[in-house]
Amino acid sequence: MSDIIDADLLVVGAGPAGSTVARYAAEQGVDVTIIERRRKVGFPVRCGEFMPSTEEITAMFPGSEGISELFDVPSSLVRRNLEAIRLVTPSSRSYDLPFQGYSTDRDLFDQYLASEAVSAGAELITGCAFQRREGDVCMTSQGPIRAKVVVGADGPGSRVAQEMGLPLPKNAYPAVTAQAEGDFEPVLVMFFGGIAPGAYGWIIPKDGSANVGVGFNPKLADRRPAEYFQIFADKHGFDVKSRLSGKHVPAQGPISPIAGEDHLTVGDAAGHVMAVNGGGVPLAMIGGRLAADAIVSNLRDGSPLSNYERDCRRILFPPLRSAARTKVMADVFAFGSDLRTELCMRTLGRRRMAKMLRCRFPFP
Ligand SMILES: Cc1cc2nc3c(=O)[nH]c(=O)nc-3n(C[C@H](O)[C@H](O)[C@H](O)COP(=O)(O)OP(=O)(O)OC[C@H]3O[C@@H](n4cnc5c(N)ncnc54)[C@H](O)[C@@H]3O)c2cc1C
């Protein structure tokens, strides 16, 4: 790539957020270029690879329309259907909460979403990193791109947000993951306590393997991510077959503003992650479609991109705020010592913890 590329819309980052924006904008006739820093979309995997069912997503984000169509992925992407989430206290007491979802291969999942964007007409350029913006031109590692609208779908440390003067999510938690071989019960297991201070360790079963990992609050931690992971892996005797990889998970709750005159952020870059469990893929896709609709209207009749933030406030912010409040409460009362974590989990009990998992405040 050498000459300047002209596009209506430049999307930076081909994760779930970016590919969803690109797909829905291209389907409505927008000329879209999507750039991805990595050579291979979705690889290496830095995710627990759990997706809630469409029923669970609808229950969590009731204001969102067309969930079934948005999350209609080929059955080949479902590695294992999971029926419950098991929460394990520091003393190994466990609470099984019915919760429908499935594990996937995130690299294939992201590649599928990117292929949908390309089928809709978007041009995807891999191995291409956004660097900075000069006027209406974005400088990338493969040359300049001029675009009427720029979307930062480039994750929690968003370079686009920094260049455009939008806020970055604060309080990001480190989280690392790997693949372990073996037979695992079809239950997503979350382990709380000193094994993963301020967050949790997880087992997310696949077919003949599992995604295993830990996330933690850096303010409560005295070890590095790989050390926490090793302690967790040794404790459970995981037969780890892949390299450890990870990144940061925004844990602050919604941020504002997430849109300017000709730019906006989506997904992790916009802080759209459930603070109670670190899940962000469903939000990246719901927010991505809202962003696409606002961009299409902006390009057609000049409607402000702030309509995207208005829609996020209606659909995404209430559950995200509840989750963030719950997280603050957990930081104050539950985390910091195994005894407190144990007591809080026992006091909350199954019903309240089930509400928390679904981004509802546990009280009353
Ligand atoms: C260890 C871990 C486990 C997780 N487990 C789960 C889970 O089980 N379920 C769940 O729902 N969520 C999970 N999450 C959160 C989830 O991964 C994110 O919320 C989700 O990936 C957000 O999607 P996104 O498209 O906003 O960002 P990303 O998926 O991070 O995609 C951003 C893309 O932008 C690219 N990029 C970055 N900078 C540039 C640049 N300058 N130029 C071009 N491209 C760039 C990146 O390479 C990347 O491909 C987990 C997160 C971590 C770290």
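By DSSP, the beta bridges lying fully in the chain are antiparallel in about 65 percent of cases.
Taken about its Cα centre, the chain carries a charge dipole of roughly 1460 debye when the Cβ of each Lys and Arg holds +1 and the Cβ of each Asp and Glu holds -1.
Under a crude label model (7 Å from the Cα following the beta-carbon direction), how far is ARG39 from ARG340 in nanometres? Inter-label distance under the simple model: 4.7 nm. Only Lys, Arg, Asp and Glu carry charge here, each on its Cβ (+1 for the first two, -1 for the last two); on that basis segment 104-167 has a dipole of about 280 debye about its Cα centre.
At 1.4 Å probe radius, can you tell me the per residue accessible area of the chain in Å²?
Details: 15110 Å² over 364 residues.
For the chain, the per-residue accessible area is 42 Å².
Overall, the accessible surface of the chain at a probe of 1.4 angstrom is composed of carbon and sulfur to the extent of 50 percent. For the chain, the relative contact order works out to 21 percent when only alpha carbon pairs closer than 8 Å and six or more residues apart are counted. Legend: distances between Cα atoms for LYS206/LYS235; LYS206/LYS241; LYS247/LYS355; LYS148/LYS170; LYS170/LYS355; LYS170/LYS219; pairs beyond 18 Å are LYS206/LYS235; LYS247/LYS355; LYS148/LYS170; LYS170/LYS355. Only protein heavy atoms count here; on that basis, with a 1.4 Å probe, ILE231 has an accessible area of about 70 Å². Extension gain for ARG243 to THR126 (0.36 nm times residue separation, less C-alpha to C-alpha distance): 39.8 nm. Work out how much length PHE363 to GLU185 would gain on full extension: take 0.36 nm times their residue separation and subtract the Cα-Cα distance, in nm to one decimal. Net length gain for the segment: 61.0 nm. For a test of the definition: using alpha carbon positions, the gyration tensor, and the 1.5 limit on a/c, classify segment 99-223 as rounded, prolate or oblate. Note, shape of segment 99-223 comes out oblate. For segment 203-221 versus segment 121-153, the inter-centroid distance based on Cα atoms is 34 Å. Using the Cβ-Cβ distance between ARG325 and ASP3 with R0 set to 45 Å, the FRET efficiency works out to roughly 0.35. What nm distance separates the two modelled labels at SER75 and GLN142, each placed 7 Å from Cα along Cα→Cβ? It works out to 3.6 nm between the two label points.
Run the dipole for segment 20-161 about the Cα centre, Lys and Arg Cβ at +1, Asp and Glu Cβ at -1, nothing else charged, and hand back the magnitude in debye, nearest 20. Could you put the intermediate results ahead of the total?
On the way: 16 positive and 19 negative charges, 154 e Å.
Computed charge dipole of segment 20-161: roughly 740 debye.
For segment 1-139, the residue among PHE109, LEU10, ILE125 whose Cα projects farthest onto the positive side of the dipole built from Cβ charges is PHE109.
Taking the charge dipole of the chain about its Cα centre, with +1 at Lys and Arg Cβ atoms and -1 at Asp and Glu Cβ atoms, the residue from VAL214, ALA153, SER64 reaching farthest to the positive side is VAL214. At full extension, GLU134 and ASP234 could sit 31.0 nm farther apart than now, given 0.36 nm per residue minus the alpha carbon distance. In terms of Cα to Cα distance under 13 Å, which aspartates and glutamates are near enough to LYS40, apart from those fewer than 8 places away along the same chain? Excluding near neighbours in sequence, the set is ASP107, ASP110. Working note: 222 nm ellipticity from helices only, DSSP H runs with n ≥ 4, each -39,500 (n - 2.57), summed and divided by the residues of the chain, gives -10500 deg cm²/dmol to the nearest 500.
Efficiency by 1/(1 + (r/R0)^6): what FRET value for ARG351 and GLN100, r their Cβ-Cβ distance, R0 = 22 Å, to the nearest 0.05? It would help to have the intermediate numbers written out before the result.
Values: r = 18 Å, r/R0 = 0.80.
After rounding, the FRET efficiency stands at 0.80.
Projecting the Cα atoms of VAL88, ALA26, PRO205 onto the charge dipole of the chain (Cβ charges, centred on the Cα centre) puts VAL88 farthest toward the positive pole.
The values are calculated or read from the model by the stated rules, or taken from the named source; none is laboratory data. None of the values given here were measured: they were computed from a predicted structure. Cβ atoms come from the backbone with ideal geometry, glycine included; neighbour counts cover every protein chain shown. Keep in mind that these areas ignore ligands, DNA and RNA; they rest on the heavy atoms of the full protein, side chains included. Shrake-Rupley method; radii C 1.70, N 1.55, O 1.52, S 1.80 Å.
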